[in-house]
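Okay, structure first, notes after.
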There are 2 protein chains.
Amino acid sequence: MTKHTFISSKGQLQARWKSAFPDAVVRTEPGGERPDVLWWARVPLNSAELSSAIAAVPGVPVVVLSPEPVQEDAMHAIALGARGYCHSHATPSMLQQVAVAVTHGGLWLGPELMSRVMGAASERLLGEQAPDVDPGLDLLTPRERAVALEVARGATNKEAARRLDITERTVKAHLGAAFEKLGVRDRLQLVLALKYVPVDVDHAA
Amino acid sequence: MTKHTFISSKGQLQARWKSAFPDAVVRTEPGGERPDVLWWARVPLNSAELSSAIAAVPGVPVVVLSPEPVQEDAMHAIALGARGYCHSHATPSMLQQVAVAVTHGGLWLGPELMSRVMGAASERLLGEQAPDVDPGLDLLTPRERAVALEVARGATNKEAARRLDITERTVKAHLGAAFEKLGVRDRLQLVLALKYVPVDVDHAA
DNA sequence: AAGCCTATTGGACCGGTGGACAGGGTGGGC
DNA sequence: GCCCACCCTGTCCACCGGTCCAATAGGCTT
(Lines give C-alpha, C1' and ligand atoms only; values in the text may rest on other atoms or scores of the structure.)
Protein backbone atom coordinates (compact mmCIF):
# COMPACT_ATOMS: atom_id res chain seq x y z
CA MET A 1 0.00 0.00 0.00
CA THR A 2 1.20 3.46 -0.84
CA LYS A 3 2.02 5.55 2.20
CA HIS A 4 1.20 9.23 2.30
CA THR A 5 2.35 11.73 4.88
CA PHE A 6 0.92 15.22 5.13
CA ILE A 7 2.85 17.97 6.89
CA SER A 8 0.42 20.64 7.99
CA SER A 9 0.89 23.47 10.46
CA LYS A 10 -2.65 23.28 11.73
CA GLY A 11 -3.62 19.77 10.87
CA GLN A 12 -6.62 21.04 8.99
CA LEU A 13 -8.21 19.51 5.93
CA GLN A 14 -7.40 16.09 7.27
CA ALA A 15 -10.80 14.79 6.34
CA ARG A 16 -10.35 15.70 2.69
CA TRP A 17 -6.91 14.14 2.55
CA LYS A 18 -8.00 10.99 4.34
CA SER A 19 -10.76 10.74 1.81
CA ALA A 20 -8.19 10.59 -0.95
CA PHE A 21 -5.78 8.37 0.97
CA PRO A 22 -7.58 6.55 3.79
CA ASP A 23 -4.40 5.50 5.55
CA ALA A 24 -2.64 8.83 5.23
CA VAL A 25 -0.64 10.19 8.14
CA VAL A 26 -0.95 13.84 9.12
CA ARG A 27 1.88 15.43 11.04
CA THR A 28 2.87 18.91 12.11
CA GLU A 29 6.58 18.21 11.82
CA PRO A 30 8.59 16.28 9.25
CA GLY A 31 10.05 12.98 10.31
CA GLY A 32 8.77 9.57 11.19
CA GLU A 33 8.34 6.76 8.77
CA ARG A 34 9.52 7.25 5.22
CA PRO A 35 6.43 7.78 3.04
CA ASP A 36 5.95 7.18 -0.67
CA VAL A 37 4.71 10.72 -1.12
CA LEU A 38 5.33 13.65 1.21
CA TRP A 39 2.65 16.34 1.03
CA TRP A 40 3.84 19.73 2.28
CA ALA A 41 0.90 21.83 3.42
CA ARG A 42 2.63 24.25 5.76
CA VAL A 43 1.67 27.86 5.32
CA PRO A 44 3.21 30.19 4.71
CA LEU A 45 5.79 28.43 2.60
CA ASN A 46 9.22 28.46 4.23
CA SER A 47 12.08 27.67 1.88
CA ALA A 48 14.42 26.52 4.58
CA GLU A 49 11.94 24.13 6.14
CA LEU A 50 10.86 22.78 2.80
CA SER A 51 14.43 22.41 1.67
CA SER A 52 15.54 20.36 4.60
CA ALA A 53 12.35 18.35 4.53
CA ILE A 54 13.06 17.44 0.92
CA ALA A 55 16.68 16.70 1.68
CA ALA A 56 15.65 14.50 4.57
CA VAL A 57 13.81 12.07 2.33
CA PRO A 58 15.87 11.71 -0.84
CA GLY A 59 14.02 9.73 -3.42
CA VAL A 60 10.64 10.55 -1.98
CA PRO A 61 8.57 12.88 -4.17
CA VAL A 62 7.43 15.96 -2.30
CA VAL A 63 4.25 17.75 -3.32
CA VAL A 64 3.53 21.23 -2.02
CA LEU A 65 -0.06 22.13 -1.25
CA SER A 66 -1.18 25.73 -1.08
CA PRO A 67 -4.53 27.20 -0.06
CA GLU A 68 -4.03 29.88 -2.68
CA PRO A 69 -1.52 28.89 -5.32
CA VAL A 70 0.97 31.57 -6.28
CA GLN A 71 3.40 31.21 -9.12
CA GLU A 72 6.28 32.51 -7.11
CA ASP A 73 5.74 30.03 -4.33
CA ALA A 74 5.44 27.29 -6.87
CA MET A 75 8.74 28.24 -8.44
CA HIS A 76 10.47 28.28 -5.08
CA ALA A 77 9.09 24.86 -4.38
CA ILE A 78 10.23 23.58 -7.74
CA ALA A 79 13.64 25.15 -7.30
CA LEU A 80 14.04 23.32 -4.01
CA GLY A 81 13.19 20.01 -5.61
CA ALA A 82 9.48 19.60 -5.00
CA ARG A 83 7.85 17.31 -7.51
CA GLY A 84 4.44 18.86 -7.46
CA TYR A 85 2.43 21.93 -6.51
CA CYS A 86 -1.30 22.12 -6.26
CA HIS A 87 -4.29 23.54 -4.45
CA SER A 88 -4.73 22.16 -0.95
CA HIS A 89 -8.49 22.09 -1.52
CA ALA A 90 -8.09 19.91 -4.58
CA THR A 91 -10.57 17.08 -4.86
CA PRO A 92 -9.51 13.66 -3.61
CA SER A 93 -9.47 12.26 -7.10
CA MET A 94 -7.23 15.11 -8.21
CA LEU A 95 -4.87 14.40 -5.34
CA GLN A 96 -4.84 10.76 -6.33
CA GLN A 97 -3.93 11.76 -9.88
CA VAL A 98 -1.08 13.87 -8.59
CA ALA A 99 0.11 11.05 -6.36
CA VAL A 100 0.18 8.60 -9.23
CA ALA A 101 2.07 11.03 -11.45
CA VAL A 102 4.78 11.85 -8.94
CA THR A 103 5.27 8.31 -7.64
CA HIS A 104 6.03 7.29 -11.19
CA GLY A 105 8.77 9.83 -11.57
CA GLY A 106 6.67 12.66 -12.93
CA LEU A 107 6.41 16.35 -12.18
CA TRP A 108 2.86 17.52 -11.54
CA LEU A 109 2.00 21.18 -11.80
CA GLY A 110 -1.41 21.90 -13.17
CA PRO A 111 -1.96 23.04 -16.76
CA GLU A 112 -1.21 26.72 -16.47
CA LEU A 113 1.87 26.45 -14.31
CA MET A 114 3.09 23.51 -16.32
CA SER A 115 3.14 25.46 -19.54
CA ARG A 116 4.81 28.39 -17.87
CA VAL A 117 7.51 26.23 -16.39
CA MET A 118 8.08 24.40 -19.63
CA GLY A 119 8.21 27.64 -21.53
CA ALA A 120 10.59 29.25 -19.10
CA ALA A 121 12.86 26.23 -19.01
CA SER A 122 13.18 26.05 -22.77
CA GLU A 123 13.80 29.78 -23.01
CA ARG A 124 16.50 29.50 -20.45
CA LEU A 125 18.14 26.35 -21.77
CA LEU A 126 17.74 26.91 -25.49
CA GLY A 127 18.41 30.61 -25.38
CA GLU A 128 21.79 30.63 -23.77
CA GLN A 129 22.77 27.23 -25.03
CA ALA A 130 23.89 26.00 -21.67
CA PRO A 131 26.86 28.20 -20.88
CA ASP A 132 27.37 27.33 -17.25
CA VAL A 133 26.40 23.71 -17.51
CA ASP A 134 28.76 21.67 -15.43
CA PRO A 135 31.58 20.56 -17.65
CA GLY A 136 31.97 17.91 -15.04
CA LEU A 137 28.83 16.04 -15.94
CA ASP A 138 29.93 15.74 -19.53
CA LEU A 139 33.00 13.83 -18.46
CA LEU A 140 30.88 11.12 -16.91
CA THR A 141 29.23 8.17 -18.54
CA PRO A 142 25.41 8.13 -18.35
CA ARG A 143 25.45 5.69 -15.48
CA GLU A 144 28.08 7.55 -13.54
CA ARG A 145 26.10 10.72 -14.07
CA ALA A 146 22.91 9.15 -12.78
CA VAL A 147 24.65 7.92 -9.65
CA ALA A 148 26.37 11.27 -9.15
CA LEU A 149 23.05 13.09 -9.39
CA GLU A 150 21.43 10.79 -6.88
CA VAL A 151 24.28 11.38 -4.49
CA ALA A 152 24.14 15.10 -5.17
CA ARG A 153 20.58 15.08 -3.94
CA GLY A 154 21.67 13.66 -0.64
CA ALA A 155 21.07 9.99 -1.20
CA THR A 156 23.23 7.36 0.49
CA ASN A 157 24.83 4.64 -1.59
CA LYS A 158 22.11 2.27 -0.52
CA GLU A 159 19.33 4.65 -1.50
CA ALA A 160 20.92 5.41 -4.83
CA ALA A 161 21.23 1.68 -5.45
CA ARG A 162 17.56 1.16 -4.72
CA ARG A 163 16.50 4.06 -6.93
CA LEU A 164 18.63 2.92 -9.86
CA ASP A 165 17.87 -0.75 -9.27
CA ILE A 166 21.49 -1.82 -8.98
CA THR A 167 23.55 -3.09 -6.05
CA GLU A 168 25.28 -0.82 -3.62
CA ARG A 169 28.55 -2.24 -4.86
CA THR A 170 27.87 -0.92 -8.35
CA VAL A 171 27.01 2.48 -7.01
CA LYS A 172 30.40 2.52 -5.35
CA ALA A 173 32.07 1.56 -8.61
CA HIS A 174 30.40 4.37 -10.56
CA LEU A 175 31.03 6.82 -7.77
CA GLY A 176 34.69 5.90 -7.62
CA ALA A 177 34.99 6.44 -11.35
CA ALA A 178 33.27 9.81 -11.04
CA PHE A 179 35.60 10.83 -8.23
CA GLU A 180 38.64 10.12 -10.35
CA LYS A 181 37.29 11.85 -13.46
CA LEU A 182 36.36 14.96 -11.54
CA GLY A 183 39.46 14.92 -9.42
CA VAL A 184 37.67 14.86 -6.10
CA ARG A 185 38.11 12.57 -3.14
CA ASP A 186 34.62 12.05 -1.76
CA ARG A 187 30.91 12.56 -2.36
CA LEU A 188 30.80 15.92 -0.66
CA GLN A 189 33.42 17.45 -2.91
CA LEU A 190 31.66 15.87 -5.84
CA VAL A 191 28.55 17.81 -4.92
CA LEU A 192 30.59 20.99 -4.64
CA ALA A 193 32.20 20.29 -8.00
CA LEU A 194 28.79 19.94 -9.59
CA LYS A 195 27.43 23.08 -8.02
CA TYR A 196 29.99 25.72 -8.58
CA VAL A 197 32.51 24.42 -11.00
CA PRO A 198 35.89 24.86 -9.34
CA VAL A 199 36.69 23.31 -5.99
CA ASP A 200 39.15 25.60 -4.31
CA VAL A 201 40.39 23.07 -1.87
CA ASP A 202 43.23 24.72 -0.12
CA HIS A 203 42.44 22.48 2.78
CA ALA A 204 44.59 19.56 1.90
CA ALA A 205 47.38 21.90 0.98
CA MET B 1 -7.68 -0.39 -21.58
CA THR B 2 -5.20 2.33 -22.20
CA LYS B 3 -4.41 2.85 -25.84
CA HIS B 4 -0.89 3.61 -26.97
CA THR B 5 0.22 4.74 -30.40
CA PHE B 6 3.84 4.82 -31.45
CA ILE B 7 4.96 6.97 -34.36
CA SER B 8 8.20 5.59 -35.73
CA SER B 9 9.91 6.29 -39.03
CA LYS B 10 11.27 2.80 -39.39
CA GLY B 11 8.85 0.83 -37.33
CA GLN B 12 11.70 -0.62 -35.35
CA LEU B 13 11.71 -1.60 -31.70
CA GLN B 14 8.11 -2.69 -32.01
CA ALA B 15 8.78 -5.81 -30.03
CA ARG B 16 10.04 -3.85 -27.08
CA TRP B 17 7.10 -1.48 -27.11
CA LYS B 18 4.57 -4.25 -27.54
CA SER B 19 6.16 -5.90 -24.56
CA ALA B 20 5.34 -2.84 -22.49
CA PHE B 21 1.91 -2.29 -24.03
CA PRO B 22 0.68 -5.50 -25.70
CA ASP B 23 -2.07 -3.78 -27.67
CA ALA B 24 0.01 -0.81 -28.78
CA VAL B 25 -0.32 0.47 -32.31
CA VAL B 26 2.79 1.32 -34.30
CA ARG B 27 2.45 3.74 -37.18
CA THR B 28 4.79 5.59 -39.50
CA GLU B 29 2.49 8.61 -39.78
CA PRO B 30 0.37 10.43 -37.20
CA GLY B 31 -3.37 10.09 -37.43
CA GLY B 32 -5.93 7.37 -36.93
CA GLU B 33 -7.64 6.60 -33.67
CA ARG B 34 -7.10 8.95 -30.75
CA PRO B 35 -4.76 7.24 -28.25
CA ASP B 36 -4.32 7.83 -24.53
CA VAL B 37 -0.61 8.35 -25.01
CA LEU B 38 1.17 9.29 -28.21
CA TRP B 39 4.76 8.12 -28.38
CA TRP B 40 6.89 10.06 -30.87
CA ALA B 41 9.87 8.00 -31.97
CA ARG B 42 10.69 9.65 -35.27
CA VAL B 43 14.35 10.38 -35.82
CA PRO B 44 15.77 12.81 -36.33
CA LEU B 45 13.46 15.02 -34.33
CA ASN B 46 11.61 17.44 -36.54
CA SER B 47 10.06 20.35 -34.69
CA ALA B 48 7.44 21.10 -37.30
CA GLU B 49 6.19 17.53 -37.50
CA LEU B 50 6.14 17.12 -33.76
CA SER B 51 4.37 20.43 -33.29
CA SER B 52 1.54 19.60 -35.61
CA ALA B 53 1.26 16.10 -34.24
CA ILE B 54 0.85 17.51 -30.74
CA ALA B 55 -1.66 20.08 -31.93
CA ALA B 56 -3.63 17.37 -33.72
CA VAL B 57 -4.46 15.56 -30.49
CA PRO B 58 -5.20 18.18 -27.85
CA GLY B 59 -5.42 16.69 -24.40
CA VAL B 60 -3.36 13.67 -25.32
CA PRO B 61 0.06 13.54 -23.65
CA VAL B 62 2.87 13.16 -26.14
CA VAL B 63 6.12 11.47 -25.13
CA VAL B 64 9.19 11.81 -27.32
CA LEU B 65 11.48 8.81 -27.60
CA SER B 66 15.06 9.20 -28.70
CA PRO B 67 17.68 6.55 -29.43
CA GLU B 68 20.29 8.87 -27.98
CA PRO B 69 18.81 11.48 -25.67
CA VAL B 70 20.17 14.98 -26.13
CA GLN B 71 19.31 17.84 -23.84
CA GLU B 72 18.72 20.22 -26.70
CA ASP B 73 16.27 17.91 -28.38
CA ALA B 74 14.52 17.37 -25.11
CA MET B 75 14.14 21.11 -24.59
CA HIS B 76 12.72 21.55 -28.07
CA ALA B 77 10.24 18.80 -27.41
CA ILE B 78 9.24 20.33 -24.09
CA ALA B 79 8.92 23.76 -25.66
CA LEU B 80 6.53 22.32 -28.22
CA GLY B 81 4.36 20.79 -25.53
CA ALA B 82 5.63 17.24 -25.23
CA ARG B 83 4.91 15.74 -21.82
CA GLY B 84 7.83 13.38 -21.70
CA TYR B 85 11.21 12.58 -23.17
CA CYS B 86 13.04 9.35 -22.73
CA HIS B 87 15.27 6.75 -24.28
CA SER B 88 13.62 4.69 -27.00
CA HIS B 89 15.44 1.64 -25.69
CA ALA B 90 14.00 2.14 -22.24
CA THR B 91 12.83 -1.02 -20.55
CA PRO B 92 9.13 -1.89 -20.82
CA SER B 93 8.63 -1.24 -17.14
CA MET B 94 10.24 2.16 -17.52
CA LEU B 95 7.90 2.98 -20.40
CA GLN B 96 4.98 1.90 -18.28
CA GLN B 97 6.13 4.22 -15.51
CA VAL B 98 6.33 7.08 -17.98
CA ALA B 99 2.91 6.26 -19.32
CA VAL B 100 1.37 6.28 -15.88
CA ALA B 101 3.00 9.59 -15.00
CA VAL B 102 1.91 11.42 -18.14
CA THR B 103 -1.61 10.01 -18.30
CA HIS B 104 -2.12 11.42 -14.82
CA GLY B 105 -1.13 14.90 -15.84
CA GLY B 106 2.55 14.65 -15.07
CA LEU B 107 5.69 15.66 -16.92
CA TRP B 108 8.24 12.86 -17.18
CA LEU B 109 11.84 13.63 -17.93
CA GLY B 110 14.32 11.40 -16.19
CA PRO B 111 16.29 12.56 -13.19
CA GLU B 112 19.04 14.51 -14.86
CA LEU B 113 16.92 16.40 -17.33
CA MET B 114 14.23 16.94 -14.76
CA SER B 115 16.57 18.71 -12.38
CA ARG B 116 17.98 20.83 -15.18
CA VAL B 117 14.57 21.84 -16.40
CA MET B 118 13.38 22.64 -12.91
CA GLY B 119 16.51 24.61 -12.19
CA ALA B 120 16.32 26.51 -15.43
CA ALA B 121 12.65 27.31 -15.01
CA SER B 122 13.09 28.66 -11.52
CA GLU B 123 16.10 30.71 -12.54
CA ARG B 124 14.12 32.19 -15.39
CA LEU B 125 10.93 32.84 -13.44
CA LEU B 126 12.42 33.89 -10.14
CA GLY B 127 15.04 36.06 -11.74
CA GLU B 128 17.70 37.22 -9.41
CA GLN B 129 15.40 37.39 -6.43
CA ALA B 130 17.21 36.21 -3.37
CA PRO B 131 15.36 33.44 -1.58
CA ASP B 132 14.12 34.47 1.82
CA VAL B 133 17.51 34.23 3.39
CA ASP B 134 19.31 32.77 6.34
CA PRO B 135 17.27 29.85 7.47
CA GLY B 136 19.86 27.44 8.62
CA LEU B 137 22.85 29.39 9.76
CA ASP B 138 21.01 31.57 12.23
CA LEU B 139 19.83 28.53 14.11
CA LEU B 140 23.40 27.56 14.86
CA THR B 141 25.74 28.83 17.52
CA PRO B 142 28.89 30.60 16.23
CA ARG B 143 31.03 27.55 16.74
CA GLU B 144 28.55 25.20 15.12
CA ARG B 145 28.34 27.60 12.22
CA ALA B 146 32.11 27.67 11.79
CA VAL B 147 32.29 23.90 11.76
CA ALA B 148 29.35 23.66 9.39
CA LEU B 149 30.99 26.09 6.99
CA GLU B 150 34.24 24.17 7.04
CA VAL B 151 32.37 21.00 6.28
CA ALA B 152 30.39 22.80 3.60
CA ARG B 153 33.66 23.55 1.87
CA GLY B 154 34.48 19.90 1.69
CA ALA B 155 36.66 19.50 4.75
CA THR B 156 36.81 16.26 6.70
CA ASN B 157 36.34 16.33 10.45
CA LYS B 158 40.07 16.12 10.92
CA GLU B 159 40.76 19.04 8.59
CA ALA B 160 38.09 21.16 10.18
CA ALA B 161 39.56 20.37 13.58
CA ARG B 162 43.01 21.44 12.45
CA ARG B 163 41.77 24.67 10.91
CA LEU B 164 39.68 25.60 13.93
CA ASP B 165 42.32 24.39 16.34
CA ILE B 166 40.08 22.03 18.25
CA THR B 167 39.99 18.25 18.49
CA GLU B 168 38.19 16.10 16.00
CA ARG B 169 35.86 15.06 18.77
CA THR B 170 34.66 18.61 19.26
CA VAL B 171 34.05 18.96 15.55
CA LYS B 172 31.81 15.92 15.78
CA ALA B 173 29.93 17.43 18.70
CA HIS B 174 29.23 20.69 16.89
CA LEU B 175 28.36 18.86 13.74
CA GLY B 176 25.95 16.57 15.52
CA ALA B 177 24.24 19.58 17.07
CA ALA B 178 24.00 21.22 13.65
CA PHE B 179 22.50 18.07 12.17
CA GLU B 180 19.79 18.01 14.76
CA LYS B 181 18.98 21.71 14.53
CA LEU B 182 18.72 21.60 10.77
CA GLY B 183 16.92 18.28 10.70
CA VAL B 184 19.42 16.52 8.49
CA ARG B 185 21.19 13.21 8.94
CA ASP B 186 24.66 13.74 7.56
CA ARG B 187 27.16 16.31 6.32
CA LEU B 188 26.08 16.08 2.72
CA GLN B 189 22.50 16.97 3.49
CA LEU B 190 23.77 19.74 5.71
CA VAL B 191 25.55 21.19 2.69
CA LEU B 192 22.38 20.90 0.64
CA ALA B 193 20.39 22.60 3.39
CA LEU B 194 22.88 25.46 3.44
CA LYS B 195 23.01 25.68 -0.34
CA TYR B 196 19.99 27.90 -0.63
CA VAL B 197 21.49 30.48 1.62
CA PRO B 198 23.53 33.32 0.16
CA VAL B 199 27.01 32.04 0.85
CA ASP B 200 29.18 35.09 1.07
CA VAL B 201 31.39 33.36 3.57
CA ASP B 202 34.67 35.02 4.09
CA HIS B 203 34.80 33.22 7.38
CA ALA B 204 38.44 32.41 6.95
CA ALA B 205 39.16 35.93 8.11
C1' DA C 1 40.00 -11.38 -33.75
C1' DA C 2 41.89 -8.40 -30.54
C1' DG C 3 41.42 -4.36 -27.81
C1' DC C 4 38.93 -0.89 -25.31
C1' DC C 5 35.11 1.14 -22.87
C1' DT C 6 31.00 0.55 -20.17
C1' DA C 7 28.11 -1.69 -16.85
C1' DT C 8 27.63 -4.87 -13.40
C1' DT C 9 28.89 -7.48 -9.16
C1' DG C 10 31.71 -9.95 -5.57
C1' DG C 11 34.90 -9.91 -1.34
C1' DA C 12 37.83 -7.72 1.75
C1' DC C 13 39.96 -3.92 4.03
C1' DC C 14 40.11 0.24 6.87
C1' DG C 15 39.50 4.93 7.83
C1' DG C 16 35.78 8.33 8.30
C1' DT C 17 31.37 9.24 10.27
C1' DG C 18 27.61 9.61 13.53
C1' DG C 19 25.38 8.34 17.75
C1' DA C 20 25.49 6.96 22.65
C1' DC C 21 27.08 7.00 26.72
C1' DA C 22 30.30 10.18 29.47
C1' DG C 23 32.19 14.22 31.50
C1' DG C 24 34.69 19.54 32.80
C1' DG C 25 34.99 24.45 32.07
C1' DT C 26 33.09 29.24 31.21
C1' DG C 27 29.91 33.08 31.39
C1' DG C 28 25.34 35.28 31.90
C1' DG C 29 20.61 35.66 33.81
C1' DC C 30 17.25 34.97 37.63
C1' DG D 1 23.88 30.75 44.48
C1' DC D 2 21.67 28.08 40.85
C1' DC D 3 20.46 27.14 36.23
C1' DC D 4 21.46 27.12 31.54
C1' DA D 5 23.60 27.66 27.16
C1' DC D 6 27.76 27.20 25.05
C1' DC D 7 32.33 25.29 24.36
C1' DC D 8 35.53 21.63 24.77
C1' DT D 9 37.05 16.71 25.39
C1' DG D 10 36.92 11.54 26.17
C1' DT D 11 35.64 6.33 24.95
C1' DC D 12 33.08 2.86 22.64
C1' DC D 13 30.81 1.06 18.75
C1' DA D 14 27.89 0.19 14.59
C1' DC D 15 27.69 1.65 10.19
C1' DC D 16 28.91 3.93 5.99
C1' DG D 17 32.20 5.24 2.41
C1' DG D 18 36.16 4.69 -0.55
C1' DT D 19 39.59 1.68 -2.45
C1' DC D 20 42.01 -2.50 -3.27
C1' DC D 21 41.86 -7.14 -5.29
C1' DA D 22 39.32 -9.39 -8.76
C1' DA D 23 35.43 -11.34 -12.58
C1' DT D 24 31.63 -11.47 -16.45
C1' DA D 25 29.28 -9.53 -20.24
C1' DG D 26 27.96 -6.50 -24.17
C1' DG D 27 29.06 -2.94 -27.52
C1' DC D 28 32.19 -0.62 -30.36
C1' DT D 29 36.60 0.24 -32.99
C1' DT D 30 40.52 -1.24 -35.42
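Structure data summary
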| item | result |
| --- | --- |
| Selection count, region A:14-31, where residues are in a loop (DSSP other than H, G, I, E, B) and open to solvent by less than 70 Å² (accessible area, probe 1.4 Å) | 4 |
| When residues of region B:141-153 are limited to those that are open to solvent by less than 40 Å² (accessible area, probe 1.4 Å) and of a type outside the set (A, V, I, L, M, F, W, C), the one nearest to DNA strand C (Cβ to nearest atom) | B:GLU150 |
| Count - residues of region A:82-103 that are open to solvent by 10 Å² or more (accessible area, probe 1.4 Å), assigned to a loop (DSSP other than H, G, I, E, B) and either in contact with an Asp or Glu (Cβ under 6 Å, 6 or more places away or on another chain) or modelled with pLDDT of 85 or more (or both) | 1 |
| Extreme residue, least open to solvent (accessible area, probe 1.4 Å), among residues of region B:154-198 that are away from DNA strand D (no atom under 13 Å from the Cβ), in contact (Cβ under 8 Å) with a residue 12 or more places away in the chain and farther than 20 Å from A:ALA155 by Cβ | B:VAL197 |
| Region A:57-78, subset surrounded by fewer than 21 Cβ atoms within 10 Å (Cβ to Cβ) and part of a helix (DSSP H, G or I), residue farthest from the other protein chains (Cβ to nearest Cβ) | A:ASP73 |
| Residue in region A:118-139 that is at pLDDT 85 or above, open to solvent by less than 40 Å² (accessible area, probe 1.4 Å) and at the interface with chain B (Cβ under 7 Å from one of its Cβ atoms) present | no |
| Residues located in region A:32-43, provided they are of a type in the set (D, E, K, R) and open to solvent by less than 40 Å² (accessible area, probe 1.4 Å) | A:ARG42 |
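The values are calculated or read from the model by the stated rules, or taken from the named source; none is laboratory data. Note that the structure is a prediction, hence the values are computed from the model and not measured. Ideal geometry is used to build each Cβ from the backbone, glycine not excepted, and the neighbour counts take in all protein chains shown. Quick note on the areas: whole protein, heavy atoms, side chains included, nothing else; ligands and nucleic acids left out. Shrake-Rupley method; radii C 1.70, N 1.55, O 1.52, S 1.80 Å.
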